[in-house]
1. At pLDDT 90 or above, part of a helix (DSSP H, G or I) and over 30 Å from B:Val38 (Cα atoms): does that describe B:Leu115?
2. Conditions first: (1) within 13 Å of chain A (Cβ to nearest Cβ); (2) modelled with pLDDT under 95. B:Ala72 passes all but one, so which condition is the exception?
3. For B:Lys71, only one of the following conditions fails: (1) part of a strand (DSSP E or B); (2) surrounded by 11 or more Cβ atoms within 10 Å (Cβ to Cβ). What is its number?
4. Would you be able to say whether some residue in the stretch B:43-59 is away from chain A (no Cβ under 14 Å), in a strand (DSSP E or B) and free of Cβ contacts under 8 Å to residues at least 60 places away in the same chain?
5. Output the residue which, of all residues in the stretch A:28-50 that are part of a helix (DSSP H, G or I) and of a type in the set (D, E, K, R), is farthest from the other protein chains (Cβ to nearest Cβ).
6. Report yes if some residue within the stretch A:5-27 is assigned to a strand (DSSP E or B) and more than 7 Å from chain B (Cβ to nearest Cβ); otherwise report no.
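The values are calculated or read from the model by the stated rules, or taken from the named source; none is laboratory data. Here the structure is a predicted model, which means the values were calculated and not measured. Positions of Cβ are generated from backbone atoms using ideal geometry, with glycine treated the same way; all protein chains shown enter the neighbour counts.
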Amino acid sequence: MKRKREAKRNKRQIALDFLKNLPSGRKIYYRFGNLMVEVTKEEALQLLKEGEEQNSSPPQKQGGES
Amino acid sequence: MAMKKDEKRMADLTRQLRSVINQIETLRVEISRLDVLVSEYRNTITTLRNLKDLGAGKEVLLPVGSIAQIKAKLEEVDKVVVNIGSDISVELPFEEAIKQIEKEIVAVLTLRDALEKAMVELYARVEELSQKIREHGQAEATGEIKDEKEKGSEKK
């Protein structure tokens, strides 16, 4: 589980570095389900950051505790 | 008492052996998954090169699910959209896209090599554990024969 999370983080870092070094004017797409949506570099970086935050936050407990 | 200790040792060795065999199986599955990936990437490069040779304006069939296709025209073959991971794809000039895919192939093959090395080490561990189990089994058997002989002489 921990190794999977680390691999995901590595992949995200690779994507992040790739985007940062990408010359301007290149189109970037983000996959939302089956749809590929064109995004700006800033939006893509933001989406990657959000993905990282979601992953690093502890899993929420299922069902309410009274 | 000694008997119980022997049995425990044997069970422990067998458990270790089973665990190593499971690890080998997991590695084997992962390696074949990587082989499929490399083959898929190589096919992608071939397809891209073929499309580039055919040139823009060529009619192609676009798959819609696995059963239907619709006609489409190649609008541009000088740019390719490549997935760079984490749901992000980037439009790259043709040769850059090919280089990026080749880079991915190298990365996958490096990982494959590492897994194969780990598998070789695990096979050595299997050999080592099997040898220990055999030796232990033999020692146990001779111990039992000795015990039976001793019991036999006591009866006489």
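1. Details: at pLDDT 90 or above: yes; part of a helix (DSSP H, G or I): yes; over 30 Å from B:Val38 (Cα atoms): no.
Here the answer is no, as B:Leu115 does not meet what is asked.
2. (1)
3. Result: B:Lys71 fails condition (2) only.
4. Yes.
5. Pass one, the stretch A:28-50, residues part of a helix (DSSP H, G or I): A:41-50.
Next, from what is left, pick out any that are of a type in the set (D, E, K, R): A:41-43, A:49-50.
Numbers: A:Lys41: 10, A:Glu42: 13, A:Glu43: 10, A:Lys49: 11, A:Glu50: 11 Å.
Of everything passing the filter in the stretch A:28-50, A:Glu42 is farthest from the other protein chains (Cβ to nearest Cβ).
6. From the stretch A:5-27, those assigned to a strand (DSSP E or B) are none; that's our starting set.
So far as the stretch A:5-27 goes, no, none of its residues is assigned to a strand (DSSP E or B) and more than 7 Å from chain B (Cβ to nearest Cβ).
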